[in-house]
1. Please give the number of the condition K277 fails out of (1) closer than 19 Å to H369 by Cα; (2) away from ligand 2 (no atom under 16 Å from the Cβ); (3) under 19 Å from the mean Cα position of the chain (by Cα).
2. List, please: which pairs have Cβ atoms under 6 Å, are six or more places apart or on different chains, and start with a residue in the stretch 266-291 that is on the phi > 0 side of the Ramachandran plot and end with one that is among the aliphatic types (A, V, I, L, M)?
3. Can you say whether Q238 is farther than 26 Å from H357 by Cα, more than 16 Å from ligand 2 (Cβ to nearest atom) and out of contact with any helix residue (DSSP H, G or I) (no Cβ under 9 Å at 6 or more places or on another chain), as far as the supplied structure shows?
4. I need the full set of residues from the stretch 94-115 which are under 20 Å from Q25 (Cβ atoms) and under 29 Å from the mean Cα position of the chain (by Cα), in order please.
5. Return yes or no: is G320 within 12 Å of the chain's Cα centre (by Cα), part of a helix (DSSP H, G or I) and more than 9 Å from ligand 1 (Cβ to nearest atom)?
6. Keeping to the stretch 323-332, report how many residues are more than 16 Å from ligand 1 (Cβ to nearest atom) and in a helix (DSSP H, G or I).
7. Within the stretch 9-59, track down each residue that is aromatic (F, W, Y) and over 17 Å from the mean Cα position of the chain (by Cα).
Amino acid sequence: AKEVRFLLGDQLNIRHSWFGKSDEQVLYLLMEVRQETDYTTHHIQKVCGFFAAMREFAETLKSRGHRVHYLKLVDKNNQGDISANIKRIVDESGAKSFKYQEPDEFRLDAQLSELCNELSSSGIDCECSTTEHFYTERSFLKDFFKGKKTYLMENFYRHLRKEHDILLEAGKPRGGKWNYDKSNRKSLPKNHTPPAPLNFENDVASILEELEASDVKTIGSIRDSQLNWPISRTQSLQLLDYFVENALPWFGDYQDALTTESWAVYHSRLSFSMNVKLISPKEVVNRVLEQFEQHSDLIDISQVEGFVRQILGWREYMRGIYWAEMPEYASLNALDQDRKLPSWFWTGETKMKCLSHSITQSLEYAYAHHIQRLMVTGNFALLAGVHPDEVDDWYLGIYMDAIEWVEITNTRGMSQFADGGIVGTKPYVSSANYIDKMSDYCDQCVYDKKDKTGENACPFNSLYWHFYARNESTLSNNPRIGMMYRTWNKMSPEKRDELLKKGDSLLENIEEL
Ligand code: FAD
Ligand code: SF4
C-alpha cells in the first residue's frame, strides 16, 4: 500500500469522504490496544461495545472493497500502544503516506501529532483530516466568545439554531421562545411507565473471552454475554427511529425525572452511537425535526426543542469548551476538594436509595441519564468534597458514552464546579428536597428526607449546608448564590453548629452511609 489511514475506535463514520471510493493502494488500520483498555478502569460493556463496533466497522469497510488491517487485542504482534503499532505497520506496508482523523481527545491528539513528527522525519507524508461529524470546528467556541468574560451556552446555541435554520420561523424561534427549559422539569406521574428500552442482544462472548485471556480489568456486569447497545450504523438508526416514535413526544416533559421504574425513562440512549460516530448529530437532529413536521399535532415544540438543545447546544458546546480549555482544564480544582470517593460507588452498597439505585443501575447497564449523573451521584460527590480527579475517573470508566472530551467538561465542569464556573454559573447541589420532588427514591429510603440533623436524617440535608459553609469564601460573592448565604446567616448559631457537626460526622463515616 502507498498510504496507511488510521481510525480510532470512536471514528466509525462510514459516511466520511475517505470511504467514497475504494483504492487498492490505501490500507485502513484499526486496532484494539492495552493503551485504551487501561487508561482508566472501564465498564465491561463499554469495552465490548467499542471492540464490537470496531469489528463491525472493519467488516463493513471490507464488504465495500476497502483494504483493512485489523489488530485484535490478542494478536501476537500487537504491541499494545497506538504509536508503536502504527510505526510497525507503516514500515511493513512500505507506505509513503500516513493519514488520520482529528482525535476528539487531547491525549490522543498529542500522541498522534508527535508520531507524525517522527514519521515525517523519516520521509513519510502525514496528514490529519476532520472527522466530518460535528456541527462546529474544534476552535469555533473559542473564536465565538473571543473577548467575552464567560461562555454562555444559550448564546452559542441560538447562534447555531440560526446558522443551521433549526426550529425557526421567519428568523424567529418556532413557538415564540428559544428555550423551553422551564417546561422540561416534570416528575413522572404515579403509575406511569415509560416504554421499555430497545435492546439489541449483540453476542459478545468471544470478545469477553479475549478480555479475560488478556486480563483486562473492568467494572460492572454484562448479562448472558449479550450487549444491549447498538454496535452498527443500522442498529443506531433503529434506536433513533425507536426514540422518535416512542419517546420524543414526552422527552422534554420528563427529561429531568428520576424513577426506579425505568432505567432510560424517555431518554434516547444515542450518546454511544453518536460518540463513536456511527451516526452524526445532524442526522439525529434532522430525523427529530422530520418527525416533528410530520406529527406536529402530536408532538409539542417544547419536547423537540428540549432534545435539539442537548445535541446542537450542549454537545457542541462541551466540545468547544474542551478544546478551548485543555490541557489546564484536566487539573482544575476550584473548590480545593480532596476526599476519596467512597468505595460503595463501585458496588452500590449504600443505604441511600437515590445513590444505591443510580449506582446499581450504572453497573448493570453502563448507563444513567443526565439527572442521575448530575443531581444524584455528582451532587453527592460535590457535597462530600471528593477530589475531582476521583470523580472524573469514575465517570470516565462507568458509562458507555464516556469519552474524555464530553465526560470531563460535564463532570469537572458542570457537575463538580471544579472549573470555577467556566461551564456552569453555579454549583449543581441540592438537599433531599429536589431529589424527592423529581423521584420516587425518597419514599423507598431508610433515611428521613425531611430530617436534617437527627439520627436518621437524610445525609444530603446537612451536607448541603456543610458544602456552602466550607466554601463561603469562594462562593459567597457569586450573585446567583448570595441568597443561600443570607438564609444560612439568618439561622441561629446553634442550628448552624448542629448542621456542621452532623455533616462532619457523616463525612467521617462516609463508608457507612
Ligand atoms: P438524551 O437525554 O437522550 O440526550 C440526547 C443527546 O444529547 C445525548 O445522546 C448527548 O449526545 C447529548 N447531550 C445531552 N446532555 C449533554 C451534555 N450535558 N453534554 C453533552 N452532550 C449532551 N455525555 C456523554 O456523551 N459522555 C460522557 O462521558 C458524559 N459524562 C457525563 C458526566 C456527568 C457528571 C454528567 C452530569 C453528564 C455527562 N454526560 C456525558 C452528558 C449526558 O448526561 C449524557 O450525554 C446523556 O445522559 C446520554 O444519554 P442519552 O443519549 O440517553 O441522552
Ligand atoms: Fe436520597 Fe435522602 Fe431521598 Fe434517601 S432521603 S433517597 S438519601 S435524598
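The values are calculated or read from the model by the stated rules, or taken from the named source; none is laboratory data. Here the structure is a predicted model, which is why all the values come from computation and not from measurement. Every residue, glycine among them, receives a Cβ derived from its backbone with ideal geometry; neighbour counts consider all protein chains shown.
1. Tallying (1) closer than 19 Å to H369 by Cα; (2) away from ligand 2 (no atom under 16 Å from the Cβ); (3) under 19 Å from the mean Cα position of the chain (by Cα), K277 fails exactly one: (1).
2. Qualifying pairs under 6 Å: K277/L12.
3. So Q238 fits the description; yes.
4. K99, Y100, Q101
5. no
6. Within the stretch 323-332, the first condition is being more than 16 Å from ligand 1 (Cβ to nearest atom), and the residues that meet it are 327-328, 331.
Now drop any that are not in a helix (DSSP H, G or I), which leaves 328, 331.
So the count comes out to 2.
7. Of everything in the stretch 9-59, those that are aromatic (F, W, Y) and over 17 Å from the mean Cα position of the chain (by Cα) turn out to be W18, F19, Y28, F51, F57.
Matching residues to (1) of a type outside the set (A, V, I, L, M, F, W, C); (2) closer than 21 Å to G421 by Cβ:
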residue: F307; (1), (2): no, no
residue: I311; (1), (2): no, no
residue: M318; (1), (2): no, yes
residue: P327; (1), (2): yes, yes
residue: C354; (1), (2): no, no
residue: I359; (1), (2): no, no
residue: A366; (1), (2): no, no
residue: R373; (1), (2): yes, yes
residue: L383; (1), (2): no, yes
